[in-house]
Structure formats: structure tokens, C-alpha cells
1. Would you check which residues across the range A:31-57 are surrounded by 20 or more Cβ atoms within 10 Å (Cβ to Cβ) and part of a loop (DSSP other than H, G, I, E, B) and list them?
2. Among (1) more than 23 Å from residue B:107 (Cα to Cα); (2) modelled with pLDDT under 95, there is one condition residue A:18 misses while meeting the rest; what is its number?
3. Please work out if residue B:81 is at positive phi and surrounded by fewer than 21 Cβ atoms within 10 Å (Cβ to Cβ).
4. Would you check if there is a residue in the range B:75-86 being within 23 Å of residue A:29 (Cβ to Cβ) and in a strand (DSSP E or B)?
5. From the list B:53, B:94, B:75, pick out the single residue that is within 11 Å of chain A (Cβ to nearest Cβ) and either closer than 16 Å to residue B:29 by Cα or at pLDDT below 95 (or both).
6. When you look at residue A:70, is it within 12 Å of chain B (Cβ to nearest Cβ) and polar (S, T, N, Q), yes or no?
7. Determine which member of the set B:39, B:60 is loosely packed, with under 13 Cβ neighbours inside 10 Å and outside any strand (DSSP E or B).
Amino acid sequence: QKEVEQNSGPLSVPEGAIASLNCTYSDRVSQSFFWYRQYSGKSPELIMSIYSNGDKEDGRFTAQLNKASQYVSLLIRDSQPSDSATYLCAVRQGGFQKLVFGTGTRLLVSP
Amino acid sequence: GAGVSQSPSNKVTEKGKDVELRCDPISGHTALYWYRQSLGQGLEFLIYFQGNSAPDKSGLPSDRFSAERTGGSVSTLTIQRTQQEDSAVYLCASSPPRGVGTGELFFGEGSRLTVL
């Protein structure tokens, strides 16, 4: 079982729709969870972090964390073509600082 | 520059040769990470440096890979006797002291390694 799992996609949504991206992780003691966005040919950039169960909103983005079920999700409201990218879920394991990434979900937003 | 700087941006080498990849983190950042990303794949953790602590080398795939960080700043990733499966983009990231434990990594543009 991979440490961090994501559906590779592509996830296709029309402009203006809600995109829902999901991630599961295997290490129960994980404490910190992150979403990075990576445009094609570019390096990843942090867009959201979440540490407690529940929802965290930042503009059009909402991160959701459920530690009991070991999943974290990212919702993108009013999706725009500029949101088309690969979204990487990352988990900081236990007491270690190492950040483990999933393989990413490719999102395509069509005009 | 203000960002993480990596060199070379592109490196083509022959199988069996050694290569060195360099990373200059953002000034003041105490944590430095190396990842590699193969085509269409996620980020594979290689090694992590934090201040003067012993590095976490748990991700290095073989003893052909090594890394050092001099003076708590610049880092060099060395791959000896390169193999074709080493072909990938090698990404360096740094994190400020307040970011340690929060996972806020700032990535460089990467070094693309092609082993012929």
C-alpha cells in the first residue's frame, strides 16, 4: 500500500463547476496535510495546508480532513481553466519532518 | 535571486558517468529537501537536511546516491555510475524555520537529468 494515494485522473470539469480531489494516507500518526499545485513543466507550489479535522477555506479552495478515515480532500469552487494543473497531496509523517507526496491528480477545466 | 536556485537546469550524461546537482536554498531557510520526479510520476523523497542535525537519508534509492550540505546552505546531490533509470527531474526545496513542521516547501525549478 502506498503511503499517500491519489487518483491520477484526469478529472475533467466544466468551467464554473466544483472540482473535488481526494487523497488517502496510510500512516495513522500523520499530523499535517498539504495540497500543492503543479503546472506542466513547473515546480509545485503550496496552495493549502490543514492540521485539524474538518474544513478549512481559503478563497475558492476548501481543504477537508478526516483523520478517522485517513483521507483529505480539496474542493475548488467556480473552477477556472487556469486551475488546470496536477494537484499533489502531501503528508508529514508522525514526528518526522519528511513530507511524502502522492502521485497527483491531473485536473482539466474546460471553458 | 530570492528563490531556490538549482543548477544545471539540464544535464545529459552517458551511463556510468558521475553527476553533481547543486541547490542554493533561500537565504535563512534552515531545512533543505531533495526529491525526484520521473515522467508522469509523483515526487519521490530522497533526503532531508535540517540545520546541524543528521540528515534523513531514508529515501536515497541506492549507495550510488549521496548528498551533502555545506555551511548549512548550499547542497550538492551526487549520483555515481549513473543508470538510465536515474533519468528524472531532481527538485530541491527549502523551508524557513517557521515552516518546519508545517510543510511549507519552496521548490526550485529542478535539474532535468537524462542518462543515455
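The values are calculated or read from the model by the stated rules, or taken from the named source; none is laboratory data. If you're wondering where the values come from, they're calculated on a predicted model, not measured in any experiment. As a convention, Cβ positions derive from the backbone with ideal geometry for all residues, glycine included, and neighbour counts pool all protein chains shown.
1. A:43, A:44 - these are the residues of the range A:31-57 that are surrounded by 20 or more Cβ atoms within 10 Å (Cβ to Cβ) and part of a loop (DSSP other than H, G, I, E, B).
2. (2) is the only condition that residue A:18 fails.
3. Numbers: at positive phi: yes; surrounded by fewer than 21 Cβ atoms within 10 Å (Cβ to Cβ): yes.
In short, yes.
4. Just the residues of the range B:75-86 that are within 23 Å of residue A:29 (Cβ to Cβ), to begin with: none.
No, the conditions are met nowhere in the range B:75-86.
5. Details: B:94 fails: within 11 Å of chain A (Cβ to nearest Cβ); B:75 fails: within 11 Å of chain A (Cβ to nearest Cβ).
The match here is B:53.
6. On the way: within 12 Å of chain B (Cβ to nearest Cβ): no; polar (S, T, N, Q): yes.
So residue A:70 does not fit the description; no.
7. On the way: B:60 fails: loosely packed, with under 13 Cβ neighbours inside 10 Å.
Sole residue among the options that is loosely packed, with under 13 Cβ neighbours inside 10 Å and outside any strand (DSSP E or B): B:39.
Every residue, every condition in (1) surrounded by fewer than 19 Cβ atoms within 10 Å (Cβ to Cβ); (2) in contact (Cβ under 8 Å) with a residue 12 or more places away in the chain, yes or no:
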| site | (1), (2) |
| --- | --- |
| A:66 | yes, yes |
| A:70 | yes, yes |
| A:77 | yes, yes |
| A:98 | yes, no |
| A:109 | no, yes |
